[in-house]
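Engineer: Handing you this structure, nothing more for now.
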Amino acid sequence: SEDLIIYGTAEFGYVKQSDAYSTGSSLMPQKKNPDALELLRGKSGRSIGQLIGLLTVLKGLPSTYNKDLQEDKELLFDCVDTLHATIPISTGVLSTLHPVGAKMASGLHGEMLATDLADYLVRKGVPFRETHHIAGEAVALAESKGCSLTDLTFSDLSPLHELFEPDVTDVWEMEASVEARNAAGGTSKEAVLKQARDLRESL
């Protein structure tokens with residue numbers, strides 16, 4: 001909820017929420033309040049509190065049944081009721097959410113690819129602890145030249161390490177960077193779709 005609330009602000013503008021799950025401001029006509037997300041965020045605090053309450057009841061108990069455990073019913077039942085109320089709202093918010101791709105793309109900047117530059121040398125056998133430092137030098141070089149990291153050419157980078165080759169500038173592609181992370185839980189399209197399939201199967 002917190003991420004979507006922040007990403008929906010004017011400062012970010014990465015997503016737009018449906019009017020069905022938000023309300024207008026009583027003071028500012030242009031403002032849209034993310035009511036559903038704020039309520040969901042608050043409900044998570046309630047459920048976490050119930051968990052802490054249950055763990056506190058259990059923490060000092062010896063083995064077998066104790067009368068203290070009567071306290072678990074109220075906490076458990078209220079948590080279940082909260083989930084029954086919030087899951088449909090969460091589903092509604094997400095199914096009607098409108099991502100603003102152009103706005104997201106405008107938030108990208110070349111320095112995000114510094115790790116990809118380090119990984120380039122890792123693939124050539126250089127330890128990451130060394131490539132991390134070299135990528136930092138490249139960032140500093142770009143700053144000294146008053147340009148973006150992705151504006152650096154092979155000629156700029158080659159003095160930093162002998163294993164840099166002309167194809168090093170291929171790492172200056174945002175989409176390629178995303179697709180390169182294809183391990184479990186990664187950012188590539190294949191990895192994300194697999195996570196979605198796994199979640200559907202678990203439900």
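Engineer: Residue by residue through the range 34-52, note down the ones that are under 23 Å from Val100 (Cα atoms) and surrounded by fewer than 16 Cβ atoms within 10 Å (Cβ to Cβ). Even if it seems obvious, please write down each step before you answer.
Structural biologist: As a first pass, look at the range 34-52 and keep what is under 23 Å from Val100 (Cα atoms): 34-38, 40-41.
Correct list: Asp35, Glu38, Arg41.
Engineer: Can you name the residue in the range 145-203 that is assigned by TED's automatic domain parsing to the domain that holds Thr115, farther than 14 Å from Leu113 by Cα and of a type in the set (D, E, K, R) and, of all such residues, is surrounded by the most Cβ atoms within 10 Å (Cβ to Cβ)?
Structural biologist: Among those residues, the one meeting the criterion is Asp156.
Engineer: Counting only residues that are closer than 14 Å to Ile52 by Cα and touching a Leu at 6+ places or on another chain (Cβ under 6 Å), which one in the range 66-97 is surrounded by the fewest Cβ atoms within 10 Å (Cβ to Cβ)?
Structural biologist: The qualifying residue surrounded by the fewest Cβ atoms within 10 Å (Cβ to Cβ) is Asp72.
Engineer: Then there is this: Just one of Glu179, Glu143, Glu165, Glu175 is without any contact (Cβ under 8 Å) to a residue 12 or more places away in the chain and in contact with a Phe, Trp or Tyr (Cβ under 8 Å, 6 or more places away or on another chain); which is it?
Structural biologist: Glu165
Engineer: Also, quick follow-up: Tell me, which helices (runs of 4 or more DSSP H) lie completely within the range 1-114 with 1 or more residues that are over 24 Å from the mean Cα position of the chain (by Cα) and hydrophobic (A, V, I, L, M, F, W, C)?
Structural biologist: Numbers: elements: 2-7, 35-58, 72-96, 101-106.
Counting at least 1 such residues, we get 35-58, 72-96.
Engineer: Of the residues that sit in the range 167-203 and are in a loop (DSSP other than H, G, I, E, B) and of a type outside the set (S, T, N, Q), which one is nearest to Glu111 (Cα to Cα)?
Structural biologist: Here is the first cut: in the range 167-203, the ones in a loop (DSSP other than H, G, I, E, B) are 172-173, 181-188, 203.
If we keep only those that are of a type outside the set (S, T, N, Q) as well, we get 172-173, 181, 183-186, 203.
On the way: Trp172: 10, Glu173: 12, Arg181: 17, Ala183: 23, Ala184: 25, Gly185: 23, Gly186: 20, Leu203: 39 Å.
That would be Trp172.
The values are calculated or read from the model by the stated rules, or taken from the named source; none is laboratory data. Computed from a predicted model, the values in this text were never measured in an experiment. Neighbour counts are summed over all protein chains in view; Cβ atoms, including those assigned to glycine, are modelled from backbone coordinates with ideal geometry.
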